[in-house]
Amino acid sequence: MKSLKELFRIGKGPSSSHTMGPMKAAQLYAQRHPEAKRFEVTLYGSLAATGKGHMTDVAITEGLQPVAPVDIIWNARERLPFHPNGMKFTAIDAEGHHYDEWTVFSVGGGALSEGENDTLGQSSEEIYNMQTLTEIQDWCERYGRGYWEYVDKCEDDDIWDYLREVWGVMQEAVERGINHEGVLPGPLGLARKAPTYFVKASGYKAHLQSRGLVFSYALAVSEENASGGIIATAPTCGSCGVLPAVLYHLSRGHLFSEERILHAMATAGIIGNVAKQNASIAGADVGCQGEVGVACAMASAAACQLFGGSPAQIEYAAEMGLEHHLGMTCDPMCGLVQIPCIERNAFAATRALDSQLYAAFSDGRHRVTYDRVVRVMKQTGHDLPSLYKETSTGGLAKEGL
């Protein structure tokens with residue numbers, strides 16, 4: 001598995017696979033062809049189906065425009081074999097000749113791949129020699145360590161500075177979002193809810209106030225993402241509100257130190273990395289279970305660790321966070337990361353807290369492991385028809401037409 005720096009990425013929303021990834025690809029291609037007089041970019045499958053709502057064209061144009069003008073072709077009917085988020089870049093010279101076609105895929109979380117014979121992935125070192133949570137849990141129990149200590153063992157020394165930077169971005173997104181009133185961009189005319197939820201929560205007694213604050217924090221980050229603000233993927237843009245909401249709430253409400261929060265983030269990163277390695281975190285590939293479901297698993301594990309959970313209890317919390325999102329479709333209205341995405345972040349954040357509490361009452365022993373649920377998620381996602389995987393052609397998206 002690769003570094004957690006590849007999982008927690010800082011950038012602009014609203015979509016890691018439809019915005020961050022395409023912009024990165026455009027920048028790479030612009031660097032390759034500074035002599036080009038024009039570019040042509042063809043978007044396929046999910047990228048074409050929901051790209052306008054996710055501002056894919058804006059991201060690509062920003063990446064290529066400094067070199068030359070861009071023509072974008074939308075081909076939603078054709079899905080390239082390797083992944084539904086495919087795009088083809090072509091450079092054009094002064095005589096109008098097309099040359100150096102480059103096909104690349106945005107595979108989720110802002111990551112890129114060139115397909116079966118990937119060379120992009122080789123630029124990022126595989127630093128974790130264990131690929132499953134079962135292996136990592138066994139290591140923790142054998143040596144009396146925590147998941148975060150496995151991160152510390154495998155990563156470079158600067159990982160904690162990087163996680164501290166990510167934590168800063170998460171906190172800033174929460175605080176901007178709970179103070180940012182108005183309407184979100186796009187044709188839905190969706191009003192921001194985070195400021196209202198934050199104010200209303202103060203009027204309830206402690207238990208309901210706690211739940212209301214978690215809602216407001218998740219809404220805040222998700223609404224910042226939906227408006228193109230700076231956020232950190234956890235593991236994606238579309239699910240970026242879950243982990244920050246839980247960590248922000250616990251850091252303020254239970255006064256956990258920054259060091260313990262960073263350790264919890266490292267554990268969350270391992271959970272997300274295992275899912276990314278062995279299945280997918282792209283809604284276009286496996287549905288929203290790979291985004292919000294994995295985010296819930298990450299937050300469940302982080303919360304369980306903060307409350308003193310054992311490696312077995314932490315694994316159980318993560319397993320429940322993902323298991324109970326199995327089969328969740330990715331069907332955004334108008335191709336926007338707004339409905340149902342924003343509310344799903346809020347509900348997943350509270351479900352993460354429930355998962356950690358349930359696991360804390362147990363001894364950590366259970367029948368179905370996190371690794372098995374990850375495998376089921378992959379199979380379930382691939383069994384879902386394409387209209388339920390970020391194409392905005394079925395499910396709730398159809399109701400919004």
Would you please name the residue that is nearest to Lys276 (Cα to Cα), looking only at residues in the range 1-18 that are of a type outside the set (D, E, K, R) and open to solvent by 10 Å² or more (accessible area, probe 1.4 Å)?
Ser3
Which one of these is assigned to a loop (DSSP other than H, G, I, E, B) and of a type in the set (D, E, K, R): Glu35, Glu40?
Glu35
Go through (1) farther than 23 Å from Gly229 by Cα; (2) assigned to a helix (DSSP H, G or I); (3) in contact with a Ser or Thr (Cβ under 7 Å, 6 or more places away or on another chain); (4) among the hydrophobic types (A, V, I, L, M, F, W, C) and name the single condition Leu326 misses.
(2)
Run Arg344 past the list (1) open to solvent by 30 Å² or more (accessible area, probe 1.4 Å); (2) closer than 18 Å to Ala234 by Cα; (3) more than 15 Å from the chain's Cα centre (by Cα) and report the number of the one that doesn't hold.
(3)
Looking only at the range 265-290, count every residue that is without any contact (Cβ under 8 Å) to a residue 60 or more places away in the chain and open to solvent by 10 Å² or more (accessible area, probe 1.4 Å) and tell me the total.
1
Picked from the range 70-83 (must be part of a loop (DSSP other than H, G, I, E, B) and under 20 Å from Ser16 (Cα atoms)), the residue most open to solvent (accessible area, probe 1.4 Å) is Arg79
Filtered residues of the range 366-401 (kept if at positive phi and either over 19 Å from the mean Cα position of the chain (by Cα) or open to solvent by 40 Å² or more (accessible area, probe 1.4 Å) (or both)):
Gly395
Single residue of the range 121-140 satisfying the filter (closer than 19 Å to Gly109 by Cα and in a helix (DSSP H, G or I)) that is most open to solvent (accessible area, probe 1.4 Å):
Gln122
Among the listed residues Met298, Met328, identify the single one that is among the aliphatic types (A, V, I, L, M), open to solvent by 20 Å² or more (accessible area, probe 1.4 Å) and at pLDDT 95 or above.
Met328
Could you list all residues from the range 161-181 that are in a helix (DSSP H, G or I) and either surrounded by fewer than 16 Cβ atoms within 10 Å (Cβ to Cβ) or not hydrophobic (A, V, I, L, M, F, W, C) (or both)?
Asp161, Tyr162, Arg164, Glu165, Gly168, Gln171, Glu172, Glu175, Arg176, Gly177
Looking at this structure, is Phe105 closer than 25 Å to Val286 by Cβ, assigned to a loop (DSSP other than H, G, I, E, B) and not charged (D, E, K, R)?
no
For Ala111, all conditions in the list (1) of a type outside the set (Phe, Trp, Tyr); (2) at pLDDT below 95; (3) more than 14 Å from Asp285 (Cβ to Cβ) hold save one; what is the number of the exception?
(3)
In the range 148-157, the residues that are open to solvent by 40 Å² or more (accessible area, probe 1.4 Å) and not in a loop (DSSP other than H, G, I, E, B)
Trp148, Glu149, Asp152, Lys153
Given the criteria open to solvent by 40 Å² or more (accessible area, probe 1.4 Å), farther than 30 Å from Gly381 by Cα and acidic (Asp, Glu), does Glu116 qualify?
no
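Per-residue answers, yes or no, for (1) without any contact (Cβ under 8 Å) to a residue 24 or more places away in the chain; (2) closer than 27 Å to Gln27 by Cα; (3) open to solvent by 30 Å² or more (accessible area, probe 1.4 Å):
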| site | (1), (2), (3) |
| --- | --- |
| Asn85 | no, yes, no |
| Ala91 | no, yes, no |
| Gly108 | no, yes, no |
| Leu112 | no, yes, no |
| Arg142 | yes, no, yes |
| Gly146 | no, no, no |
| Ile159 | no, yes, no |
From Thr61, Thr50, residue being β-branched (Val, Ile, Thr) and more than 22 Å from Leu384 (Cα to Cα)
Thr61
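The values are calculated or read from the model by the stated rules, or taken from the named source; none is laboratory data. It should be emphasised that the depicted structure is a prediction, and the values quoted were computed from it without experimental measurement. Neighbour counts run over all protein chains shown; Cβ positions are idealised from the backbone, glycine included. For accessibility, only protein heavy atoms count, side chains too; no ligands or nucleic acids. Shrake-Rupley method; radii C 1.70, N 1.55, O 1.52, S 1.80 Å.
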